[in-house]
Amino acid sequence: MKLRKVTAASATVLALALSATACGSGDDDGGSSGDSKKITIGIKFDQPGLGQKTPDGYEGFDVDVATYVAKKLGYGEDQIEWKESKSADRETMLQRGDVDFIAATYSITDERAEKVDFAGPYLLAHQDVLLRADDNKIKSAEDLNNAKLCSVTGSTSAQNVKDKLAPKAQLQNYPTYSACLNGLQNGAIDALTTDDSILAGYASQAQFKGKFKLGGLKMTNENYGIGVKKGSDLKAKINTALEAMVSDGSWDKAVKDNFGPANYENEPAPKIGDIKS
């Protein structure tokens, strides 16, 4: 009987000790969790002017937008973890929870909206062409007939032009946009096509300053949104942050800082939920 009483008492003491330890551990975890609070954001790493990884960090319009949004959500720049989001991986990354949101020239489409939710749009871009600064021959999509049009491997932009607007365009396959730019500079191609924002970003690089111009053809509408996991409450919070970015002038400043050297004639900041077809 005495042994059973000692055992019960010991068990009570042990339980109290464990409870106290657990409470102390919980407090420690809470503190360190607050110190290491992070948000993971997907961007492009290889698009100058939009999302680019450099030796000094990350820069571009998408980076500026994402940083502003993160700040409004309560995260400082040192609490952001940037993750490369290639075009083909974006929906999967959101669905798996690899990132909290994605700002990576992510055009809002019905097909994508079946898999993820979009905040925004925060930029209305258009498919356009980049030309040499002294080229005055190409003034419309029809003028691309018989022109050498750069097609980047894996991109559908140039093929869309050939299929729908300029059937006689001569597609030239290059591995990257940078290779296209070199071909455009030396006359091997006549035009490079993709979203005007992307073209402006490349043309704004210091080594290309004054060498290229945008055609201003506006062949499609590309509504850039911020992707979040389906059903995430972040969508509403991000929309509120985007509205604040426009109203306080930060959006205009980001456009000027990142696209200014290319004389990019951007559209005004779009209204939240206004998707141009």
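Since every read-out is calculated from the coordinates, none of them should be taken as a lab result. Small disclaimer: the values here were computed from a predicted structure and weren't measured. Here the Cβ is made from the backbone with ideal geometry for all residues, glycine too, and neighbour counts use every protein chain on show.
Can you list residues whose amide H is under 5 Å from Cys150's amide H, if they're 5+ apart or on another chain and H is modeled 1.01 Å from N?
Amide H neighbours of Cys150, under 5 Å, 5+ apart: Gln172, Asp190, Ala191, Leu192, Thr193.
Tell me the mean residue ellipticity at 222 nm calculated for the chain from its helices only (DSSP H runs of n ≥ 4, each -39500 (n - 2.57), averaged over every residue, nearest 500).
Rounded to the nearest 500, it is -12000 deg cm²/dmol.
Between Met245, Asn266, Leu234, whose Cα lies farthest towards the positive end of the dipole of the stretch 232-273 when Lys and Arg beta carbons carry +1 and Asp and Glu beta carbons carry -1, centred on the Cα centre?
Leu234
Going through the cross-link list Lys38/Lys218; Lys162/Lys253; Lys139/Lys276; Lys83/Lys139; Lys235/Lys256; Lys164/Lys256, which pairs have a Cα-Cα distance over 30 Å in this structure?
Going by Cα-Cα distance, Lys38/Lys218; Lys162/Lys253; Lys83/Lys139; Lys164/Lys256 fall outside the 30 Å limit.
Show me, for the stretch 267-277, the HN-Hα J-couplings you get by feeding each phi into the Karplus relation (A = 6.51, B = -1.76, C = 1.60, θ = phi - 60°), rounded to Hz, glycine and proline as x.
6, x, 4, x, 6, 4, x, 8, 9, 7, 7
Which whole-number percent is the relative contact order of the chain (Cα, under 8 Å, 6+ apart)? Let's see the in-between values first.
On the way: 496 pairs, mean separation 68.5, N = 277.
Rounded, it is 25 percent for the chain.
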